[in-house]
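Each remark here refers to the structure printed beneath this line.
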Amino acid sequence: MLIYLFLISITILIMLVLNIFIGIDKYNYSTSYIIGMIVIHIVAVFIIDAIVAFVINKLPKKWFNYKSSVFKIYNWENSFYNHLKIRKWKEHIPELGMLAGFRKNKIKEPNNNDYLSVYLEQSCIGITVHSYSILLGFLIFLIKPKYFFFFALPVSITNGIIHFLSLSILRYNVPKLIRLFERNKKRVLKSE
């Protein structure tokens, strides 16, 4: 959570600095206008993210099959996540799966393939939510297109980074979940 708070704080600071040193002089902004616009953009991107999550969680679960080519994780992608040293920082990113009814921060039943199927499905839903939230977060550019550089751009970029971190963790974990699922399946077949 500290990473998110840090990113949001830096974004607010950047917007304040941009607007105080450039915006006020160029566009005659008042301080209350600047603060109001910052709040409006942050709330707007939060609402967009909430709507995206709500809509995607209402879609048919069959659309979120980890075997679908849409959710394929490529070898170069795994290398990229390893290069980012994701294992060192992934535990510091908040997992908000409980809002959708399924926490993905720990595998509670590693030997239960029914549980792992749900885990994989929820991971694919999370991947979809974060992907669309990155893209649709840029809709806040429509609030005040003339001043996008001062408000929408910093908020959209921060929103994208926050969702990219969660998206990366999910995509990093999916191949491990698939291997665990397959290993359990083989073990069950051997015992029969």
Legend entry - Percent of alpha-carbon pairs separated by more than 16 Å within the range 127-192: 60 percent
Inset, instruction - As a check on your grasp of the helix formula, calculate [θ] at 222 nm for the chain: sum -39500 (n - 2.57) over DSSP H runs of n ≥ 4, divide by the residue count, round to the nearest 500. - result: -22000 deg cm²/dmol
Legend entry - Part-to-part distance (alpha-carbon centres) for the range 1-22 and the range 126-175, which is given in Å: 16 Å
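What order do you get for S32, S156 when you list them from fewest to most C-beta neighbours inside 10 Å? List each step's numbers first, then the result.
Details: S32 8, S156 23.
Arranged by neighbour count, lowest to highest, S32, S156 become S32, S156.
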Legend entry - Charge dipole of the chain about the Cα centre (unit charges at C-beta), most positive-ward option of I178, S156, Y119: I178
Legend entry - In nm, spacing of pseudo-spin labels at L59 and K85 (7 Å Cα→C-beta vector): 3.5 nm
Legend entry - the chain: DSSP helices with Cα axial extent of at least 20 Å and average Kyte-Doolittle hydropathy no lower than 0.5: 2-18, 31-58, 113-136
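With a/c under 1.5 counting as rounded, go ahead and sort the range 29-73 into rounded, prolate or oblate using the C-alpha gyration tensor (a ≥ b ≥ c being the square roots of the eigenvalues; past the cut-off, prolate if a/b is larger than b/c, else oblate). It would help to have the intermediate numbers written out before the result.
Numbers: a/c = 8.62, a/b = 3.21, b/c = 2.68.
The shape class here is prolate.
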Inset, instruction - Take F54, F141, F64 and order them by how many other Cβ atoms sit within 10 Å, fewest up front. - result: F54, F141, F64
Legend entry - Kirkwood-based shape ratio for the range 1-95, expressed as Rg/Rh from alpha carbons: 1.13
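Just the number, please: Stokes-Einstein D of the chain in µm²/s, Kirkwood Rh from C-alpha pairs, 10 °C, 1.306 mPa s. Present the calculation step by step, with values, prior to reporting the outcome.
Numbers: Rh = 18.6 Å.
Result for D is 85 µm²/s.
Bear in mind that the values in this text are calculations on the coordinates, not laboratory data. For clarity, every value in this text was computed on a predicted model and none was experimentally measured. We place every Cβ from the backbone using ideal geometry, glycine too, and count neighbours over all the protein chains shown.
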